[in-house]
Structures are given as C-alpha cells and as structure tokens.
Amino acid sequence: MRTVVLREELKPLNMAQFTYSRLSNLLRLSVNKASVLRAKTEMKHGPAGCVQFVRCQRSVDSKMLQERQKQQMAKGLPKQKPIAGVKQVIVVASGKGGVGKSTTAVNLALGLMANDSSKSVGLLDADIYGPSIPKLMNLKGTPELTDNNLMIPLTNYGIPCMSMGFLVEDVAPIVWRGLMVMSAIEKLLRQVDWGSLDYLVVDMPPGTGDVQLSITQNIMISGAVIVSTPQDIALLDAHRGAGMFKKVNVPVLGLVQNMSVFQCPNCNHQTHIFGSDGARQLADTLGVKLLGDVPLHLNIRETSDSGKPVVVSSPDSPEAEAYRKVATAVVQRLEEVNP
C-alpha cells in the first residue's frame, strides 16, 4: 500500500518503512498545511492518525481533481455565437425517432409564417443521418454559392431550407464517424447565407448525442420544442431530451403531443391509439407548457409524403389549425423566456 504525504516534503514511501516517531513527525508537519486538513480538525497520533490523514488527503485530491476537470472542460467548450442574420433559433427535438418530429418542424415553420406574414422563417435540417426536409418540402438540387463561398438555401413555400439531403444522393447512406459529422454540422451552421430571418427552425436528430451537444454549444438557441407521442416508451426518451436541454441551459419552450388521437373518417369515433394525455402529464412533471395536440390523421401523412405540408395544402383543415396553434404557443413562450 502506498500513500502520498505532502508531495513537496516526501516521496511516496511504503507503509512498512514508517516508524511511529517518523509518522508522528510527518503528521505534525501536515497540521500546518491548511489546504490538506480541514479547519479545526484535531490530528491523532499512531495508526488512527495515519488513517485520518490519508482520508483527508484523498478528499483534498478528489476536490482538486474535480476543479481541474471543470477548468479543462470550460477551456474546451466552444463559445456560443449567433448565426449571422438570424434573430431567434428554435430547435425541434425528440428523444427517439418515429414520433413525427420532422413533420412537426416543417409545419411549425410554415405555421409561424402563416400566423404572421411579416415574419421571415428558415428551416435547417440537422439530422445528418436521416435528412427528411427535402422530401417534406419537395425540394431537390444542389445549393449554389455566393461570392463569399456561402451556400444559398433552397426555397419553397416561402421558407429557405438547408439540409444534408441537398448535398448527397436521395438514397445514399451517410456512413460517417463523429468528426465528419461535426464538420458537416459546422458547415450547415456557419457556411449558409440565411439573409435576414426572424426565426430559424432547426430539425434536430433524435436522441441526446454529439450532434445535439455540438449545436447547443456552438449557437445561441432561443428555445427547444420537444415532440412526443402519448406512448409511455416515447415519453421516457422525451423526458431525457428535455433534461439534456436543461443541463446545457437551453430553455424548454414546451412539449407537442403528436398523434394524440385518431378519428375514424367514417364514423368520427375517436381512439387514443398511443394512450391519452401522456405528454400533458409529462409537461406537468417537468414544469413546462404543453404547446398543443396534433391528431393522427391521414391528411397529415398524405400531404407530408407528397411534399405539400398540411399547413399550406389544407390551410382550413383542423390539422393545419392544430399546427398554427402550436406556432402561436411557441411565440408566446419565446416572449416569456426571452423578454
């Protein structure tokens, strides 16, 4: 067994080499080291004093190590910078895939503009491995470059969009390691000419991994919208997603309960296929707002698959109204958290 006692006074020694008098002398010296012993702690002599000293030393070493780790982490974190020309960034996230996050992000962006035509809105697809925005917004092509080598977003329905899907073939798998993904995210964040935008809606990848951390650490985010179905298994991951944003000091604007209810097109009977009010209960648990309910409806699926989002293709439908209500709630929350 080895122990370190006042590095400047002695090198590590085997405990068997200590004599009682020598150990006592070392313990007396250590009493004068305020950084080693707690204030008003009375050191004992003999084996009990040795154990006490070693415990104190370990406690101090642990605190020093934690402090050094905090300092190193602080040095390594990038400084948050705003995206040029963008006033507010809204990230749309989910704990897991398959809950309608991308469809919600698209219709949220369109809903923001439908509610106030004076506002300019952009859409960024940050889901590197599974970009959906090109399909949902019916966009194809390669972005052109400005004189400053910035990519010019592709535009449809009045919404400028940028996605990794514009830079690779439609069905080409993106098999990249972490560093390549981070480099792609950096380009999507910093090398796009967005012009002047009131809102930039970011469709985040599902989960709580490197991409999410990279985005939250690099840009200033006004708030996060969490999308979940009422199903218990989806709510567990939504809870984790909300927790991640709180840890990195990003305001959680609220939850969207997607696929909340299915209404039979023939008899209008309503069925809660994925459960009832699960997201509402989670919102209460987290102390955040439920931004709205979006039904499970054939119209939403068909318009999304055809690249004609329901907010623009069926603006008078109850489904479009649900998304516009979510957009209204998001703006209200932004005013509350960013006065």
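The values are calculated or read from the model by the stated rules, or taken from the named source; none is laboratory data. What you see is a predicted model, and the numbers here were worked out from it, not measured in a lab. Heads up, the Cβs are rebuilt from the backbone with ideal geometry, glycines too, and the neighbour counts pull from every protein chain shown. Just so you know, the surface numbers come from the protein's heavy atoms only, side chains and all, with ligands and any DNA or RNA stripped out. Shrake-Rupley method; radii C 1.70, N 1.55, O 1.52, S 1.80 Å.
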### Answer residue from the range 318-336, given it is open to solvent by 40 Å² or more (accessible area, probe 1.4 Å) and farther than 14 Å from Tyr199 by Cβ and is farthest from the chain's Cα centre (by Cα) among those
Pro318
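Considering the range 84-111 alone, what residues qualify as being farther than 30 Å from Ile233 by Cβ and either buried (at least 24 other Cβ atoms within 10 Å of the Cβ) or under 17 Å from the mean Cα position of the chain (by Cα) (or both)? Quick ask: steps written out before the conclusion?
Residues of the range 84-111 that are farther than 30 Å from Ile233 by Cβ, as a first pass: 84-88.
Residue satisfying the conditions is Gln88 alone.
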### Query
So which residues in the range 225-234 are surrounded by 24 or more Cβ atoms within 10 Å (Cβ to Cβ) and among the hydrophobic types (A, V, I, L, M, F, W, C), if there are any at all?
Val225, Ile226, Val227, Ala234
### Task
Take the residues in the range 90-137 that are in a strand (DSSP E or B) and of a type outside the set (A, V, I, L, M, F, W, C), then tell me which one is modelled with the lowest pLDDT.
Asp125
### Task
Looking only at the range 179-201, decide whether some residue is within 16 Å of the chain's Cα centre (by Cα) and modelled with pLDDT of 90 or more.
yes
### Query
Quick one: which of Gly292, Gly278 is open to solvent by less than 50 Å² (accessible area, probe 1.4 Å), at pLDDT below 80 and within 20 Å of Leu236 (Cα to Cα)?
Gly278
